[in-house]
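Novice: Provided herewith is a single structure, encoded as structure tokens, for subsequent inquiry.
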Amino acid sequence: MSKNIESHLSEDREFKPSKEFSKQARVSSMAQYKRMHKESVERPDLFWAREARELHWDKKWGKVLEWKAPYAKWFVGGRTNVCVNCVDRHVTEGRGNKAAIIWEGEPGDKRTLTYKQLQREVCRFANVLESNGVKSKDRVLIYMPMVVEATVAMLACARIGAVHSIVFGGFSAESIKDRLDDSEAKVVITADGGWRRGGVVDLKANIDEALKKDKSVEKVIVLKRTENKVKMTKGRDVWWHEETAKVAATHKAKSFDSEHPLFILYTSGSTGKPKGILHTTGGYMVNTYATCKYIFDMKDDDVYWCTADVGWITGHSYITYGPMLNGVTQVMYEGAPNYPDFSRFWQIVEEYSVTIFYTAPTAIRAFIKAGDELVDKHDLSSLRLLGTVGEPINPEAWMWYYNKIGGGRCPIVDTWWQTETGAIMISPLPGCTPIKPGTATQPFFGIDAAILDEEGNECKANEGGRLVIRKPWPGMLRTIYKDKKRYRDTYWSDYPGMYTAGDGARRDRKGNFWIVGRLDDVLNVSGHRLGTAEVESALVSHDAVAEAAVVGRPHEIKGQAVCAFVTLKSGIEGTDELLKEVRNHVGKVIGAIAKPDDVYFTPVLPKTRSGKIMRRLLKELVATGKVTGNTTTLEDANVVKSLQKQVAKK
Ligand code: PRX
């Protein structure tokens, strides 16, 4: 990481959009951006009302914003239906026969759905949800592979006012259980499996395991995807295809209040318990719509592809909602980027003539490692705009993406945002912002971002500090589900009335934001947030483990790798076998993404005399192999020497 920061500071390469790109873009000069940004921050009511009017409302709002920090209401009193805006509106407006989703399964099966076909599927499934007892505000847990039906399920929930809560298909039964306990979902939607690197992920078995002691779930709707054998529990489990065959392909949508809950998405924080981030209807809809329109420059003839999974916020805002609100044609792919090899993505770009491509730096680094030959075989000339999200992009990866994938002609939008922000907050506008490798550049319209020091003063140019947002924005989280106190404490208590993102950043003289990374005990592994406390509690839930400390270290592909320092219960020997078992145990408790890359068994952990684990020291040790900082406060200074030896052996 530190190497990245240094190279960021000396980064002087800058690229401007071509004249052709600028000419056709919605914002084509920095002067126009500045004018619009100023207005949007000073008069958010004017700016956001203009955007909102481009969508369909059953009842117009009264006030655009009601702000009683830290609680915001947007488009107050307005009534709308997000699903109608994503689907029906396009059918009514003459885009019914346009492809909405071009889907490709990992084994190579293909399916295209027009907006009209999608409307039928969504209506059918809305009827299925209702006939299975789902009512407005009921929670529905979705645990599915990347198939069209995942999007259909989300949109059907939105259509009937139910609150979806998606759990990423890579998470374990225990992770599902935690989220079920918190959300008290009434219905679960899953599949008999999903394809991943040629194998089947047994999603239904994980659901069965998670539901063992559950009291809230009444029905499980199971999609047949892989023909994997599953156990169906009588009275509880029903098949998607049987249920949809029973109902009509039409459904009359009701309208919902602008602040009606739309979804809960769980994300890691600095404690062991994930936070249920709650997003609502009107503001989120307008914000995802507007960011897609301006940042991805979405036009009627674009073929857009975001490679995220719907289990993460990127899949919510930039697969299901934003692009559909813009009526664009999008590609959706089920499987792994390296199946059968690393050319799969480029093959898809070529086959469907993808024009806008949005992925994560970790994927880009993996492609670089796999070799240019896999890219060279494919014609990528359809691409006109590239995007990245999830973590800071290192300049080398940026340059490769720009030249090798974008052919030196496609602007890159490096988009900074979070599960909590709902929509992109800092990003270039492709038709005007000069881009540089490694910076997300400038705040989007309506976003008042700043970098503050601990006292709350704005940092000088190039000085590092904390990234904050000083004014509310439409897509912001409204609360942490069932935990208002945690909402206030986590995001709004550092500086009164301001949102603390939890990221460290600096701003250069031109006003570009350079995100450094998380300031809390949250790791960013392959663009996904992972709380060290969650991994630690998974480790200590293993019978042999007494205590654990988890830190991140820089990793060539993943950005950060998970390093665990573990003390064992007395009398237990730290064998290689146990090491493997402990790693797998974490995978079982949380999901494969959390499996520690390195596990070090140690008789004691480095602690201060008052008993606090010195993570700072462990972090330095795994990053550099040495500890240079002050160790005089340590209870036992010999621990460091012995750990240093262990780390050096790796
Ligand atoms: O640290 C920032 C990093 O990802 C965090 C948010 O993670 P999550 O809620 O899982 O959402 C990821 C997808 C939006 C942030 O606090 N992050 C996200 N985008 C960027 C980034 N760091 C640097 N540059 C980005 N473009």
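Novice: Assess whether Ala363 counts as being of a type in the set (Gly, Ala, Ser), within 15 Å of the ligand (Cβ to nearest atom) and more than 30 Å from Pro472 (Cα to Cα).
Specialist: Spelling it out, Ala363 is indeed of a type in the set (Gly, Ala, Ser), within 15 Å of the ligand (Cβ to nearest atom) and more than 30 Å from Pro472 (Cα to Cα).
Novice: Restricting to segment 449-461, name every residue that is under 26 Å from Glu39 (Cα atoms), out of contact with any Phe, Trp or Tyr (no Cβ under 7 Å at 6 or more places or on another chain) and outside any strand (DSSP E or B).
Specialist: Across segment 449-461, the qualifying residues are Asn457, Cys459, Lys460, Ala461.
Novice: Can you name the number of the only condition in (1) within 11 Å of the ligand (Cβ to nearest atom); (2) over 19 Å from Thr267 (Cβ atoms); (3) of a type in the set (A, V, I, L, M, F, W, C) that Leu477 fails?
Specialist: Among (1) within 11 Å of the ligand (Cβ to nearest atom); (2) over 19 Å from Thr267 (Cβ atoms); (3) of a type in the set (A, V, I, L, M, F, W, C), the lone unmet condition for Leu477 is (2).
Novice: In the set Thr602, Thr632, Thr624, which member is in contact (Cβ under 8 Å) with a residue 24 or more places away in the chain and polar (S, T, N, Q)?
Specialist: Answer to the check: Thr602.
Novice: On the given criteria, is Leu278 open to solvent by 10 Å² or more (accessible area, probe 1.4 Å), among the aliphatic types (A, V, I, L, M), closer than 21 Å to Ser136 by Cβ and within 16 Å of the ligand (Cβ to nearest atom)?
Specialist: yes
Novice: Restricted to segment 606-622, and to residues that are open to solvent by less than 90 Å² (accessible area, probe 1.4 Å) and either in contact with a Pro (Cβ under 6 Å, 6 or more places away or on another chain) or part of a loop (DSSP other than H, G, I, E, B) (or both), which residue is farthest from Thr532 (Cα to Cα)?
Specialist: Gly611
Novice: In segment 373-399, which residue that is hydroxyl-bearing (Ser, Thr, Tyr) and assigned to a loop (DSSP other than H, G, I, E, B) is farthest from the ligand (Cβ to nearest atom)?
Specialist: Among those residues, the one meeting the criterion is Ser381.
Novice: Those residues that are at pLDDT below 95 and among the acidic types (Asp, Glu), I need them from segment 498-533; list them, please.
Specialist: Result: Asp520, Asp521.
Novice: Specify the residue that is most open to solvent (accessible area, probe 1.4 Å); the eligible residues are those in segment 372-415 that are farther than 26 Å from Glu20 by Cα and among the hydrophobic types (A, V, I, L, M, F, W, C).
Specialist: Per the stated criteria, the residue is Leu374.
Novice: Which residue is farthest from the ligand (Cβ to nearest atom), if the candidates are limited to segment 254-271 and must be small (Gly, Ala, Ser) and surrounded by 20 or more Cβ atoms within 10 Å (Cβ to Cβ)?
Specialist: Across segment 254-271, the extreme among qualifying residues is Ser258.
Novice: Just one of the numbered conditions (1) open to solvent by less than 20 Å² (accessible area, probe 1.4 Å); (2) at positive phi is not true of Glu227; which one?
Specialist: (1)
Novice: Suppose we keep only residues that are assigned to a helix (DSSP H, G or I) and out of contact with any helix residue (DSSP H, G or I) (no Cβ under 9 Å at 6 or more places or on another chain) within segment 400-433. Which one would you say is nearest to the ligand (Cβ to nearest atom)?
Specialist: Tyr402
Novice: In segment 561-582, which residues are assigned to a helix (DSSP H, G or I) and either surrounded by 20 or more Cβ atoms within 10 Å (Cβ to Cβ) or in contact with a Ser or Thr (Cβ under 6 Å, 6 or more places away or on another chain) (or both)?
Specialist: Val582
Novice: Is it true that some residue in segment 309-332 is more than 14 Å from the ligand (Cβ to nearest atom), open to solvent by 10 Å² or more (accessible area, probe 1.4 Å) and in contact (Cβ under 8 Å) with a residue 40 or more places away in the chain?
Specialist: yes
Novice: Here's something else I'd like to know. With respect to Lys34, is the statement that it is closer than 18 Å to Ile426 by Cβ and open to solvent by 20 Å² or more (accessible area, probe 1.4 Å) true?
Specialist: yes
Novice: Can His251 be described as in contact with a helix residue (DSSP H, G or I) (Cβ under 7 Å, 6 or more places away or on another chain) and more than 14 Å from Gly78 (Cβ to Cβ)?
Specialist: Yes; evaluated as a whole, the condition is true for this residue.
The rows are residues; the columns are (1) aromatic (Phe, Trp, Tyr); (2) over 30 Å from Ile393 (Cβ atoms); (3) modelled with pLDDT under 95.
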residue	(1), (2), (3)
His555	no, no, no
Lys558	no, no, no
Ile572	no, yes, no
Thr575	no, yes, no
Ile590	no, no, no
Ser610	no, yes, yes
Gly629	no, no, yes
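Novice: Give me the pairs, please: first residue somewhere in segment 407-429 and within 22 Å of Gly502 (Cα to Cα), second residue anywhere and of a type in the set (Lys, Arg) and within 10 Å of the ligand (Cβ to nearest atom), beta-carbon distance under 8 Å, and either six or more positions apart or on two chains.
Specialist: Close Cβ pairs satisfying both conditions: Thr419/Arg529.
Novice: Just for strands (runs of 3 or more DSSP E) wholly inside segment 90-209: which have at least 2 residues that are within 24 Å of Glu227 (Cα to Cα) and charged (D, E, K, R)?
Specialist: In segment 90-209, the matching strands (runs of 3 or more DSSP E) lie at 110-114.
Novice: Sticking with this one: If only one of Ser537, Ser526 is among the polar types (S, T, N, Q) and under 24 Å from Ile435 (Cα atoms), which one is it?
Specialist: Ser526
The values are calculated or read from the model by the stated rules, or taken from the named source; none is laboratory data. This is a predicted model, so every value here is computed, not measured. Please note: Cβ atoms are built from the backbone with ideal geometry, for glycine as well, and neighbour counts cover all protein chains shown. Surface areas here come from the heavy atoms of the whole protein model, side chains and all, with no ligands, DNA or RNA. Shrake-Rupley method; radii C 1.70, N 1.55, O 1.52, S 1.80 Å.
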